[in-house]
Amino acid sequence: MKRAWIAGLALVLLCSSAPSVASATAWVVRGGGFGHGVGMSAYGAYGYGLHGAGYRQILGHYFRGIGIAEMSSAPLVRVLLTVSSGDVSFSRATAACGRELDPTRTYTARRRASSVRLLSGSGKLLARCGERLRADSRATVRIGGVGVYRGSLEAIPSGSALNVVNVLNVNNYARGSVPAEVPPEWPMATLRAFAVASRSIALSTDVGGDGFDLYPDTRTQVYGGVAVEDERTDAAVRSTRGQVATFGGEIAQTTYFSSSGGRTESGFLGAPDVPYLRSVADPYDYYAPQHRWTFRFSQAEMDSRLGSYVRGRLRDVVVTKRGDSPRIDYAKLIGTGAAATIRGDTLAAALGLYDRWAFFTKVPSGPKGR
């Protein structure tokens, strides 16, 4: 869930719900929630914090049977920041490729075939670094065109480009992730719950990247580095320092999303069953702008958006299976040419819905309801 989704969502919802004056509406889609629906609802957690729940209680509600463990050390994580087709400049580094560096100067990482070279700001060759350049710092490193990050920079050849990777301990990672996901003004208990969830996701995820384990966006969770850090989220990270959610002796995948519509889902569609991911009531989700929503589409819009999934003109959408919440698992698209089965998440994406919690109604169109 990106923080940008939260700001201005009410406006988006109003715009998507407004009927068209120029054309008659043929389909109405009503639903609830925003996101995949599995794990912790951000707005639900906000409500729990607002009503006095502690962060352990919040996490225990959304992830059944988990424990909270405190690590004795802070493991390192590797986050892909960007992929650069050219040189990567950086400053504030104290050492790289076996050389001491002046943190007030700017240096360059340059790819050469399958290796990386360290250059001075003026382009002088300083070191041949081998298959990766690692630039360490006392606190933060500034990466040209990217931003300021705690920990170290690694530049790793990948194909014809350089993967620009931030290597830092998981507590500092949470400082740059929590405020990128939820507003720092939210209740402290909610922020603490997200601090624990952020660490847990970071340490239980490996995307198998070329020199990195995590993405900096919603493919893992949003990470913005020093630029997004805030005093309140820093305090939440500090007060839960080293804490992670566990289940069966392993760190849990504490997935989260924006809004549940009032009930979470028990697992990802088509994925193996996870014991601590269970559908639960979400009583405070009504704080979310997308708790309930309505989309309206013309027949032409439905045919256009779903045309690659069904033959002919769309006549009906028949839900054949829902999850433990009202989210659609599978539906049948009835066309004038043939019928086709579609997954709920594919259907929601094709129509641009906030969630697969959706109910379809076909309404008459034309003058006087004809």
*Residue under evaluation His36, criteria (1) in a loop (DSSP other than H, G, I, E, B); (2) modelled with pLDDT under 95; (3) surrounded by 20 or more Cβ atoms within 10 Å (Cβ to Cβ); (4) not aliphatic (A, V, I, L, M), criterion not met*: (2)
*Would you be able to say whether some residue in segment 162-184 is farther than 15 Å from Leu80 by Cα, surrounded by fewer than 20 Cβ atoms within 10 Å (Cβ to Cβ) and either basic (Lys, Arg) or at pLDDT 95 or above (or both)?*
yes
*Which one of the conditions (1) within 16 Å of the chain's Cα centre (by Cα); (2) under 19 Å from Val83 (Cα atoms) does Thr205 fail to meet, given that it meets all the rest?*
(2)
_Looking at Arg238 and the list (1) of a type in the set (Lys, Arg); (2) under 30 Å from Gly54 (Cβ atoms); (3) assigned to a loop (DSSP other than H, G, I, E, B), which single condition is not satisfied?_
(3)
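The values are calculated or read from the model by the stated rules, or taken from the named source; none is laboratory data. Just so it is clear, the model here is predicted, and its values are computed rather than measured. Because the Cβ atoms are built from the backbone with ideal geometry, glycine has one as well, and the counts that use them run over all protein chains shown.
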